[in-house]
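Q: Structure below; questions to follow.
The values are calculated or read from the model by the stated rules, or taken from the named source; none is laboratory data. Worth saying up front: this structure is predicted, and the values here are computed from it rather than measured. In this analysis, Cβ positions are derived from the backbone assuming ideal geometry, glycine residues included, and neighbour counts consider all displayed protein chains.
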Amino acid sequence: MRNVLLDVNFVVDIISKRMPFVLDAVKALAHARACGDKVWLYTGSVQTLEYTAAREIKRIVALTGQNLTFKEALKKAREKLQIFTSDVNWLAALAEDGLVFDEVEPEDAQLVLAVRRLSPDALLLTRDQKLIGECQQAISPNEYLLLQPGKDSIAFVDLDAQQDILRPQLETNIHKVMRHGQYIMGPEVQELEGKLAEFAGAEYCIGVANGTDALLMPLMALGIGPGDLVLTTPFTFIATAEVISLLGATPVFVDIDERTYNIDPQQIELAIQAIQTGNTEHYPLPAAVKKNPEAFTIKAIIPVDLFGLPADYDPIMAVAGKHDLFVLADSAQGFGGVYRGRFTGSLAHATTTSFFPAKPLGCYGDGGAIFTDDASLADKLTSIRVHGKGEDKYDNLRIGLNARLDTMQAAILLPKLESFPSELKHRRRIAASYTEGLANCNSIITPFTPECCQSAWAQYSIVAGNREKIQKSLKKSGVPTAIYYGRSLHLQPAFKSLGYVEGDMPISERISGSIFSLPMHPYLTEKAVCGVVDAIYNCFL
Amino acid sequence: MADKWGALMEVRAVYEGGEITFVDPVKLKHSRVDLLIVVPDSEVLDNREAEYQAIEAELQQFAKDNDMLRKLWSGFDGKYLDGSAEFGREAFVDALEMSGKY
């Protein structure tokens with residue numbers, strides 16, 4: 001895929017059917033579409049476009065025997081420009097584009113600046129020979145027709161496609177933040193928190209710096225530390241368990257359900273019983289706990305909504321209620337997931353999510369959020385977020401963090417949240433297409449979604465015995481894949497001191513040795529999904 | 001021109017489908033002979049016009065499969081502009097003046 005910026009003359013040639021140039025321009029436009037190249041227009045060209053197009057339309061209409069006033073021609077030009085631009089991307093004019101009055105051709109100089117900003121290998125499509133001579137990125141429609149299509153590849157996650165749709169609002173919001181200058185805890189943060197809480201059905205939302213801080217902060221608020229145990233899944237990203245160890249507490253891993261890959265509620269009960277009764281042989285436990293279970297207190301459970309699928313919260317909350325444990329839902333991948341008609345964010349005592357760029361709701365850097373209905377917890381989290389502040393940040397009630405969500409990231413998330421419900425629908429449609437397409441492929445296991453759940457489909461992950469061979473074959477077919485997660489946390493070197501050994505979490509170990517994820521994003525076309533499905537079938541021919 | 005041939009004789013001929021045929025039978029000495037043909041000015045097609053007509057035919061093919069092009073060119077009734085005279089910035093300035101906006 002190449003980026004192609006159109007000069008005014010190119011557009012006017014097509015709109016006003018200007019001979020002989022129109023033919024090359026039409027061919028070049030068709031070539032761009034066929035190659036999958038992204039076509040751009042520079043917003044600074046708008047006035048020249050409409051006035052030049054109007055003039056030419058006035059001329060061509062005169063050939064049909066009618067005489068348009070300039071106002072009428074301008075109206076027609078705008079109608080035709082509306083049609084032409086409905087399928088192009090608008091490239092913003094920036095402040096540096098104003099510094100061109102010492103140039104021989106200020107308008108050309110602006111286009112050169114714009115195409116350079118677009119990307120070093122972007123092309124400026126023009127028939128202006130002078131511009132072609134002066135700008136290395138400028139190319140005539142004829143020369144462009146000689147270029148071969150770029151390699152057609154499927155994106156694992158396509159943030160560009162989303163940006164193409166949301167660009168006007170994203171750029172406006174970024175610009176707004178630059179103008180009001182409240183880079184820390186600006187109005188966008190509060191606006192986002194309100195909208196996120198409403199979406200999730202939670203009383204409070206606290207925007208934080210990243211998904212890891214989001215997990216760490218509630219544990220800090222609960223005062224979890226040395227001697228405390230927190231139960232969690234071994235089949236997750238390290239951050240889930242890392243925060244437990246960071247506070248000096250001990251993670252206790254509980255194996256997963258073999259169909260959902262989420263923590264198994266029945267095994268949570270088994271692990272608790274093993275600890276509380278001292279029958280430490282009944283469930284694999286950290287060495288220190290095995291040795292002296294009385295020295296530890298179970299404080300919390302962290303279920304993970306893996307790949308976007310909510311964990312089984314009813315039995316988890318029941319176990320937690322029975323043993324007076326706090327449930328912190330790690331919904332880093334699961335924001336937008338639904339469990340028994342309720343969105344994640346309202347299913348546990350507190351829920352965290354991550355806005356890492358590749359997440360279903362992602363920003364353009366790091367970001368995260370915590371949801372809760374507990375006012376007292378929300379207060380503590382708000383304090384911990386800014387160095388344990390009280391009345392202000394120089395009044396420090398507790399040890400806290402520097403964990404604020406950037407205003408800029410909140411500004412980026414606001415338009416993304418607007419399109420999030422529609423994106424979730426697309427993700428579900430794409431997941432259904434994968435599942436339907438792969439239904440007859442007996443060598444793989446497609447994701448299982450319990451009837452009471454809707455996944456946010458952060459990932460579409462399949463299990464296959466010969467993973468490496470399949471991945472290699474898919475790569476050859478231009479299908480990217482990724483492994484989430486190739487090693488269970490209880491076997492990670494970082495947790496060696498816990499004393500877990502291979503075989504302690506058999507389901508997690510088996511799945512981590514055979515699972516991999518397929519391309520998944522809301523802008524994946526049906527054609528691309530079919531291509532992936534066909535490529536998978538071909539692996540078994 | 002006549003110097004090349006000497007005395008000239010006028011003969012009626014018809015041009016049809018790219019071939020010229022004598023209306024009145026004439027026998028020529030050689031198998032290949034340069035002739036001087038008189039063509040009415042009104043029948044001569046400008047080369048550029050022919051080129052543009054060929055392009056127009058090709059554009060119609062593009063428009064057949066392209067809704068956007070059909071919409072863009074609706075109302076032009078097969079007409080097209082001769083863009084051989086360059087306008088460039090002058091066209092824009094000209095247009096601005098015509099608009100009466102500035």
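Q: Looking at A:L270, A:L229, A:L216, A:L285, which one is assigned to a strand (DSSP E or B) and in contact (Cβ under 8 Å) with a residue 12 or more places away in the chain?
A: A:L229
For (1) more than 10 Å from chain A (Cβ to nearest Cβ); (2) touching a Ser or Thr at 6+ places or on another chain (Cβ under 9 Å), each residue gets a yes or a no:
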| position | (1), (2) |
| --- | --- |
| B:D24 | yes, no |
| B:K27 | yes, no |
| B:H30 | yes, no |
| B:V33 | yes, no |
| B:E43 | yes, no |
| B:D46 | yes, no |
| B:N66 | no, no |
| B:D82 | no, no |
| B:F92 | no, yes |
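This table checks each residue for (1) touching a Pro at 6+ places or on another chain (Cβ under 8 Å); (2) part of a helix (DSSP H, G or I); (3) under 30 Å from A:C530 (Cβ atoms); (4) aliphatic (A, V, I, L, M).
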position	(1), (2), (3), (4)
A:K475	no, yes, yes, no
A:V479	yes, no, yes, yes
A:Y484	no, no, yes, no
A:H490	yes, yes, no, no
A:A494	no, yes, no, yes
A:E502	no, no, no, no
A:I507	no, yes, no, yes
A:S517	no, no, yes, no
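Q: While we're on this one: For region A:253-265, does any single residue satisfy the condition of being among the hydroxyl-bearing types (S, T, Y), without any contact (Cβ under 8 Å) to a residue 12 or more places away in the chain and either in contact with a Ser or Thr (Cβ under 9 Å, 6 or more places away or on another chain) or farther than 20 Å from A:I511 by Cα (or both)?
A: Looking through region A:253-265, none of the residues is among the hydroxyl-bearing types (S, T, Y), without any contact (Cβ under 8 Å) to a residue 12 or more places away in the chain and either in contact with a Ser or Thr (Cβ under 9 Å, 6 or more places away or on another chain) or farther than 20 Å from A:I511 by Cα (or both).
Q: Okay, next question. Among the residues of region A:41-54, how many are within 16 Å of A:V22 (Cα to Cα) and at the interface with chain B (Cβ under 7 Å from one of its Cβ atoms)?
A: Residues in region A:41-54 being within 16 Å of A:V22 (Cα to Cα) and at the interface with chain B (Cβ under 7 Å from one of its Cβ atoms): 1 in total.
Q: Out of region B:68-80, which residues are within 9 Å of another protein chain (Cβ to nearest Cβ) and either part of a helix (DSSP H, G or I) or in contact with a Gly (Cβ under 6 Å, 6 or more places away or on another chain) (or both)?
A: B:M68, B:L69, B:K71, B:L72, B:W73
Q: Identify, by number, the condition in (1) within 9 Å of chain B (Cβ to nearest Cβ); (2) under 28 Å from A:L147 (Cβ atoms) that A:N3 doesn't meet.
A: (1)
Q: Regarding A:A73, is this residue buried (at least 22 other Cβ atoms within 10 Å of the Cβ), facing another protein chain (nearest Cβ under 10 Å), farther than 27 Å from A:T172 by Cα and in contact with a Leu (Cβ under 6 Å, 6 or more places away or on another chain)?
A: No: the conditions fail for A:A73.
Q: Being at pLDDT 95 or above, among the aromatic types (F, W, Y) and over 23 Å from the mean Cα position of the chain (by Cα) narrows it down to one residue among A:Y460, A:Y500, A:Y484; which is it?
A: Within the list A:Y460, A:Y500, A:Y484, the selection yields A:Y500.
Q: Among the residues of region A:423-463, count how many are assigned to a strand (DSSP E or B) and either touching a residue at least 40 places away in the same chain (Cβ under 8 Å) or within 17 Å of A:T525 (Cβ to Cβ) (or both).
A: Residues in region A:423-463 being assigned to a strand (DSSP E or B) and either touching a residue at least 40 places away in the same chain (Cβ under 8 Å) or within 17 Å of A:T525 (Cβ to Cβ) (or both): 7 in total.
Q: Between residues in region B:50-63 that are facing chain A (nearest Cβ under 8 Å) and of a type in the set (F, W, Y) and residues that are assigned to a helix (DSSP H, G or I) and surrounded by 13 or more Cβ atoms within 10 Å (Cβ to Cβ), which pairs lie under 6 Å by C-beta distance while being six or more apart or on different chains?
A: As it stands, the answer is B:F62/A:V26; B:F62/B:L69, since those pairs meet every condition given.
Q: If you don't mind, another one. Would you point out which residue out of A:Q148, A:Q163, A:Q110, A:Q137 is of a type outside the set (A, V, I, L, M), buried (at least 16 other Cβ atoms within 10 Å of the Cβ) and more than 14 Å from every other protein chain (Cβ to nearest Cβ)?
A: Only one candidate passes the filter, namely A:Q137.
Q: Out of everything in region A:82-99 that is over 27 Å from the mean Cα position of the chain (by Cα) and more than 14 Å from every other protein chain (Cβ to nearest Cβ), what residue ends up being surrounded by the most Cβ atoms within 10 Å (Cβ to Cβ)?
A: If we take residues in region A:82-99 being over 27 Å from the mean Cα position of the chain (by Cα) and more than 14 Å from every other protein chain (Cβ to nearest Cβ), then A:D97 is surrounded by the most Cβ atoms within 10 Å (Cβ to Cβ).
Q: Another question about this same structure. Kindly provide the set of residues from region A:13-37 that are of a type in the set (A, V, I, L, M), more than 10 Å from chain B (Cβ to nearest Cβ) and surrounded by fewer than 21 Cβ atoms within 10 Å (Cβ to Cβ), ordered by number.
A: Within region A:13-37, A:A34 is the sole residue that qualifies.
Q: Which count do you get for residues in region A:427-448 that are loosely packed, with under 14 Cβ neighbours inside 10 Å and among the aliphatic types (A, V, I, L, M)?
A: The total comes to 2.
Q: Of the numbered conditions (1) facing another protein chain (nearest Cβ under 7 Å); (2) surrounded by fewer than 23 Cβ atoms within 10 Å (Cβ to Cβ); (3) in contact with a helix residue (DSSP H, G or I) (Cβ under 6 Å, 6 or more places away or on another chain); (4) of a type in the set (V, I, T), A:T64 fails exactly one; give the number of that condition.
A: (3)
Q: Which condition from (1) crowded, with 23+ Cβ neighbours inside 10 Å; (2) within 29 Å of A:K380 (Cα to Cα) is the one that A:F296 breaks?
A: For A:F296, the exception is condition (1).
Q: Kindly list the number of the only condition in (1) assigned to a helix (DSSP H, G or I); (2) more than 14 Å from every other protein chain (Cβ to nearest Cβ); (3) crowded, with 19+ Cβ neighbours inside 10 Å that fails for A:K195.
A: In the conditions (1) assigned to a helix (DSSP H, G or I); (2) more than 14 Å from every other protein chain (Cβ to nearest Cβ); (3) crowded, with 19+ Cβ neighbours inside 10 Å, A:K195 misses (3) alone.
Q: Mind listing whichever residues of region A:479-533 are of a type in the set (D, E) and surrounded by fewer than 18 Cβ atoms within 10 Å (Cβ to Cβ)?
A: Listed by number, the residues that qualify are A:E502, A:E526.
Q: Please go through region A:401-422 and give me each residue that is among the basic types (K, R) and in a helix (DSSP H, G or I), ordered by number.
A: A:K416
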